[in-house]
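The values are calculated or read from the model by the stated rules, or taken from the named source; none is laboratory data. Everything numeric in this text was worked out from a predicted model, so none of it was measured. Positions of Cβ are backbone-derived with ideal geometry, glycine not excepted, and every protein chain shown enters the neighbour counts.
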Amino acid sequence: MAVWDIASSLLGLLLLFHTWGAWATVEVNTEDRVEVFRGDTAQIACMFKSEEGIGAITITWFYTTHTGDRQKIYFQDSTMKLVEPGTPFTERISVNGTGAKGVVVLTINKVKLKDELEFICSIKSLMEGSDEGRTKLRVFETPNPPTIHVVETGISVSENHLSKIGVCEVRNGFPKPNITWYRDNTPLHIVQNVVKVMSSTTIESSGLFSVTSELSLQVTKEDKDAKFYCEVNYFVPGETRMTETNRVNIIVYYPFTAVSLWVESPKGKIKEGDSIEFHCQGNGNNPLTFFTITHGVEEHTIDANVLVLNNVTRRNNGVYNCISEDIDTNEKISGNTTVVVNFLDPAVVRPKDTVVLAHGEELIATCNALSSLQTHTAWFKNGKEVSRGHTLTLGDATFDTTGKYVCVVTVPDIMGMETSGTLQVNVTGRPEIMRPDNTEIEESFEKSVNLSCSVRGFPAPIVTWTTSDGKVLHSTSKGTEEGVQSVLSFQVTSNVTVFCNASNEHGTDTVAFNIKPTIHTTTQDTTTTSTAISSTTAIHTTTQDTTTTSTAISSTTVKAGADIPLKKKKESNGVIIAVIIICILLLAILGSVLYFLYKKGKICGRSGKQDLTKEKSNKDNIVVEMKSDNTEEAILLGVNGEKLSPSDQ
């Protein structure tokens, strides 16, 4: 019994150890992949579970080489951390975390394209065994923008083989980018004898990929309007991206199947003298095709599908053909148009030139012009319309009928298309002078007057000018539509009558102009200007006798007559006054000199010390008398300029 119990206990302990070993194992979890751009930093996490402490666990990192071998790059236990020397990652890796929390992270700096490998995280426990996780590192590089180059020379649809369309290229991507061709948003896939796409891949020295794709097609006419481009798909961390090239056209040559010819200008109806511009165009564009335009036996080689005919006439009427000829096949295709050149011949007037009618006679004239279109006819005289239609009827002719008649023929459908003819009508009869509005003329003496005389009559009258006393005057005459116009310039010196005389083989006519001169007189008032200036100077002598010297400057009178302008009178008065003032100044100076000599005893042997207090005699006074023509009063002034009393006078 005891043995059984011991055995049972041992068995239970073994079962316990066995059960503990069954569930107490290390578990490791890692990401399937980690994606980064070249040059960035990659972090690979390793998560594990273990019941043992960190001291009983070892952590080892490996990578798998391209040959499938495992290469250790890192080791860690409770006593040390070691980066394996001599590996491609020795200088670029580090491990974060001690593993105490069940996580360690491998960090790779400056990731390279060659780093795209599988990395292994291995966890080993003393009691729980070991486990490992694997993570693939993916490295990416965005390629350069793609380019497209199409064939610049034209591609003919007549070629019986595939024609190269163009080349697309994308460079320096990683992983390798993919190129897809499109035509009008539709992807092009390889179809035998229709679509061919050839791609090539280049690995650059940097390890990046460059891809080139060439498209060839069996070109059709519809491809002339197609847009070709390339789509590039490339990979980046976590997604796929797409970019496109520019959309481009190709030049497609295709043969003509139809040709059109038309008149580009003028628009509407054509008339003689116009320039016609023909345009010829086909529905193809084969450069090995040339055009000609024919008209009857005439043939014109055209430039840039345009032909210009200048100054066309009715001989240019007819059918014109434009012919295209393919040099390769000698195939000809043509199109045509019909040209009508409208014309209007010169107007023909009957009777022609000049017609002479007698008074009361009737005239019927016609005007016609041959035209390809409907015409309109009108007759004009002096710019005014006098009749419509081809026929002009002039009845009961008078001098008013005389004149130039203009027949104008127009084509209403074409602006500016017209012709004209003239007819001069003269009516015979004795001269008839058109009476002027005024024959009574007054003009200033010796001025000239212009006299005019308009005479109607045929044959053209002879016009003469005479005066009432029989004098023949010279005049100028010119012919008019109705007769003669004569002009006379006549100087007026007296009352006179001037006659305008007109005569021809049928009689005479006269008109008289009565001319009177007028005399204009101007009356001005007579003006008298008087100026009187008196000066008294006293001179004492050594004798008892006294001498009285009277100097009088009488006024000067200036009279203005009727024929002397007032301005000249005023100027003469000014001169006289200036002369008088100068004379007075000279007299004053002379008197002062005499008085000074007298005082010095230089005159009459008198000493300069003579008593000047001696009573002055009235006879010692020298008086200057000033008179005025406007008054009879005389004023006597003393030696000192004082007015004398009546007793002294």
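Only one of the numbered conditions (1) within 42 Å of the chain's Cα centre (by Cα); (2) closer than 11 Å to Ala365 by Cα is violated by Val411, and that is (2).
Among residues of the range 449-468 being free of Cβ contacts under 8 Å to residues at least 60 places away in the same chain, assigned to a strand (DSSP E or B) and of a type in the set (A, V, I, L, M), the one that is farthest from Asn438 (Cα to Cα) is Ile462.
Any idea how many residues of the range 145-156 are farther than 17 Å from Thr180 by Cβ, hydroxyl-bearing (Ser, Thr, Tyr) and part of a strand (DSSP E or B)? Within the range 145-156, residues that are farther than 17 Å from Thr180 by Cβ, hydroxyl-bearing (Ser, Thr, Tyr) and part of a strand (DSSP E or B) number 1. Taking every residue in the range 291-313 that is in contact (Cβ under 8 Å) with a residue 24 or more places away in the chain and in the same structural domain as Lys269 (by TED's automatic domain parsing) and pairing it with any residue that is exposed (fewer than 11 other Cβ atoms within 10 Å of the Cβ) and part of a strand (DSSP E or B), at least 6 positions away or on another chain, the pairs with Cβ-Cβ distances below 6 Å are Thr292/Thr301.
Does any residue of the range 186-196 turn out to be closer than 30 Å to Thr292 by Cβ, surrounded by 15 or more Cβ atoms within 10 Å (Cβ to Cβ) and touching a strand residue (DSSP E or B) at 6+ places or on another chain (Cβ under 8 Å)? There is no residue in the range 186-196 that is closer than 30 Å to Thr292 by Cβ, surrounded by 15 or more Cβ atoms within 10 Å (Cβ to Cβ) and touching a strand residue (DSSP E or B) at 6+ places or on another chain (Cβ under 8 Å).
Name the single residue that is surrounded by the fewest Cβ atoms within 10 Å (Cβ to Cβ) among those in the range 71-83 being at pLDDT below 95 and among the charged types (D, E, K, R). Only one residue fits best here, namely Lys81.
Picking from residues in the range 115-144 that are polar (S, T, N, Q) and either touching a Pro at 6+ places or on another chain (Cβ under 8 Å) or assigned to a loop (DSSP other than H, G, I, E, B) (or both), the one that is nearest to Gln76 (Cα to Cα) is Thr142.
The single condition among (1) farther than 30 Å from Pro177 by Cα; (2) in the same structural domain as Pro175 (by TED's automatic domain parsing) that Thr243 does not satisfy is (1).
Out of curiosity, is Val104 in the same structural domain as Thr60 (by TED's automatic domain parsing) and not hydroxyl-bearing (Ser, Thr, Tyr)?
Yes.
Of the residues that make up the range 102-118, is at least one small (Gly, Ala, Ser) and either within 20 Å of Thr243 (Cα to Cα) or modelled with pLDDT of 95 or more (or both)? Within the range 102-118 (the criterion being small (Gly, Ala, Ser) and either within 20 Å of Thr243 (Cα to Cα) or modelled with pLDDT of 95 or more (or both)), the answer is no, since none of the residues qualifies. Where strands (runs of 3 or more DSSP E) fall wholly inside the range 341-403, the ranges with 2 or more residues that are basic (Lys, Arg) are 384-388.
Of all residues in the range 478-494, those satisfying the criterion of being in contact with a strand residue (DSSP E or B) (Cβ under 6 Å, 6 or more places away or on another chain), surrounded by fewer than 19 Cβ atoms within 10 Å (Cβ to Cβ) and assigned to a strand (DSSP E or B) are Lys478, Gln485, Val487, Ser489, Gln491.
Entry remark, the range 267-294: residues being aromatic (Phe, Trp, Tyr) and under 38 Å from the mean Cα position of the chain (by Cα) number 1 in total. Say whether the condition of being out of contact with any Leu (no Cβ under 7 Å at 6 or more places or on another chain) and assigned to a loop (DSSP other than H, G, I, E, B) is met by at least one residue in the range 229-236. There is no residue in the range 229-236 that is out of contact with any Leu (no Cβ under 7 Å at 6 or more places or on another chain) and assigned to a loop (DSSP other than H, G, I, E, B). Residues that are of a type in the set (A, V, I, L, M, F, W, C) and within 40 Å of the chain's Cα centre (by Cα) were ranked within the range 295-339; the one that is surrounded by the most Cβ atoms within 10 Å (Cβ to Cβ) is Leu307.
Evaluated against (1) touching a Pro at 6+ places or on another chain (Cβ under 8 Å); (2) of a type in the set (S, T, N, Q); (3) surrounded by fewer than 17 Cβ atoms within 10 Å (Cβ to Cβ), Thr220 falls short on exactly one condition, (1). Assess whether Val151 counts as being surrounded by fewer than 19 Cβ atoms within 10 Å (Cβ to Cβ), in the same structural domain as Met242 (by TED's automatic domain parsing), within 19 Å of Asn246 (Cβ to Cβ) and of a type in the set (A, V, I, L, M). Yes.
Taking every residue in the range 49-67 that is on the phi < 0 side of the Ramachandran plot and pairing it with any residue that is among the aromatic types (Phe, Trp, Tyr), at least 6 positions away or on another chain, the pairs with Cβ-Cβ distances below 7 Å are Thr60/Tyr74; Thr60/Phe75; Trp61/Tyr74; Trp61/Phe119; Tyr63/Phe119. When the range 379-411 is filtered for residues that are touching a residue at least 24 places away in the same chain (Cβ under 8 Å) and surrounded by fewer than 16 Cβ atoms within 10 Å (Cβ to Cβ), the ones remaining, listed by number, are Thr391, Thr393, Gly395, Asp396, Thr398, Lys404.
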